[in-house]
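Comments concern the structure below.
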């Protein structure tokens, strides 16, 4: 009987490693790319066992900080500080420091808000909907996507608070009565945003944190095992050996494992890997997936109402909710690829979990949602013509050929044309090319929101038309939000498990109770014969 599970044997065969000196097959990449539906490709490579999975994923947190992490974190921190300073400058000075004018009373703030909320959509889709649809390939990317969702919504949440003008009245957005009995306007879509985004953030945070509890308990137990070990920092800057007393004075020992055991112990909430804990965990996970699934549709639909419930030509259209949802998933998956591909290359062993097939599946979803967005762009022009409304038709003609024509055609190229390259197999299996396209899509989705907002520049009366241009405060505030996002993401990569250990193990061949590793005693029962048949005879 073969000791290799059919999943692993299939990968070895597809990748061209049947012989010890065989070369890698460029068609199957890492052994997970095949067009044959009868061949089952593995989700975890490297012929790993459960122990190696735990060691690899926990090692990213426990091992020495990679050399590239510190400069990346420093740059992100600088950008985050710049963004914070710009927000404080705005509060002290007023929104006049932005490029807002009449009639363009909304500018980059609302553009950035919608863009960040859209980026956070992929986390819920991957974690909730793909979980309910039993798509096992999501297990290697769901933690990434969930973390990205949390950080993107945090960045998005800063803009509604600061774009209201008088920041100290931002609490009026919440349904809190005051002593003058002034209630918020419940007919305002800005108030709807508070409920929608607040609910989305709460459920996403619960989903992300609850999924990490077993992994946090694993890190806690491993830190306890090294409880008395200290991490020592010496004078690495010295150009020559130092005297013993100087070296002693400049050497610092930190009880890092003791700190880690308390830190992860508090976050693990007393998790003990008991069957009852697992039963409650699985039940709660499915319930949260069911609760989060409607949010994929509702959150960005409500955000689209910021524009759709108005009477402004180019905004007052019923296509906005589905159009915004498709665009949000589109940009969210692109951002996941933008973050995942560098991490996959930088962290040792991650390529065994984030396979070429996983990335190819994400490219296919980007192609689908990009086609939906392109269809929405075309339908907007069709409805403007079919509705015989001269103001609506003129609004779209100004978008395409007016003063912001350059933004419109950048949007069309990035969002409609660039994803279509993934119809070709080479394009969706070349990692560098995929990374470039993911950045192009992110740029295009930002320009989409910019094109929508600049519709305000052409008012009903031509004498009131204007041209909106951002100021340096607008630009640095947006750059600062990118810095805040990357700072949070780098902290997540350094101190929290990036992959769901238990979920990765569940899709491995060893999770099958009929796996040969459970029948090493040579006893051949019916189940054992079944496993043997699958190992020897294929599928």
*State whether one or more residues within segment 436-448 are under 13 Å from residue 359 (Cβ atoms), at pLDDT 90 or above and either in contact with a strand residue (DSSP E or B) (Cβ under 6 Å, 6 or more places away or on another chain) or surrounded by 22 or more Cβ atoms within 10 Å (Cβ to Cβ) (or both).*
yes
*Mind checking whether some residue in segment 124-131 is more than 21 Å from the chain's Cα centre (by Cα) and at pLDDT below 85?*
no
*When both residues are 6+ apart or on different chains and their Cβ atoms are under 9 Å apart, which pairs have a first residue that lies in segment 454-472 and is free of Cβ contacts under 8 Å to residues at least 12 places away in the same chain, and a second that is surrounded by fewer than 18 Cβ atoms within 10 Å (Cβ to Cβ) and assigned to a helix (DSSP H, G or I)?*
472/97
*Taking the options 268, 326, name whichever one is farther than 23 Å from residue 143 by Cβ, free of Cβ contacts under 8 Å to residues at least 60 places away in the same chain and surrounded by 15 or more Cβ atoms within 10 Å (Cβ to Cβ).*
326
*Filter result for the condition that a residue is over 30 Å from residue 206 (Cα atoms) and assigned to a loop (DSSP other than H, G, I, E, B), over 348, 313*: 313
*asked:* Quick check on this structure: which one of 92, 117 is touching a residue at least 12 places away in the same chain (Cβ under 8 Å) and on the phi < 0 side of the Ramachandran plot?
replied: 117
*Return a yes/no flag: does segment 325-340 have any residue that is modelled with pLDDT under 90, more than 14 Å from residue 442 (Cβ to Cβ) and part of a helix (DSSP H, G or I).*
yes
*Answer yes or no: is there a residue in segment 376-387 that is without any contact (Cβ under 8 Å) to a residue 24 or more places away in the chain and not in a helix (DSSP H, G or I).*
yes
*asked:* Of the residues 78, 44, 97, 61, only one is exposed (fewer than 14 other Cβ atoms within 10 Å of the Cβ) and either under 28 Å from the mean Cα position of the chain (by Cα) or modelled with pLDDT under 90 (or both); which?
replied: 78
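The values are calculated or read from the model by the stated rules, or taken from the named source; none is laboratory data. On a predicted model such as this, the values are computed, not experimentally measured, just so you know. Heads up, the Cβs are rebuilt from the backbone with ideal geometry, glycines too, and the neighbour counts pull from every protein chain shown.
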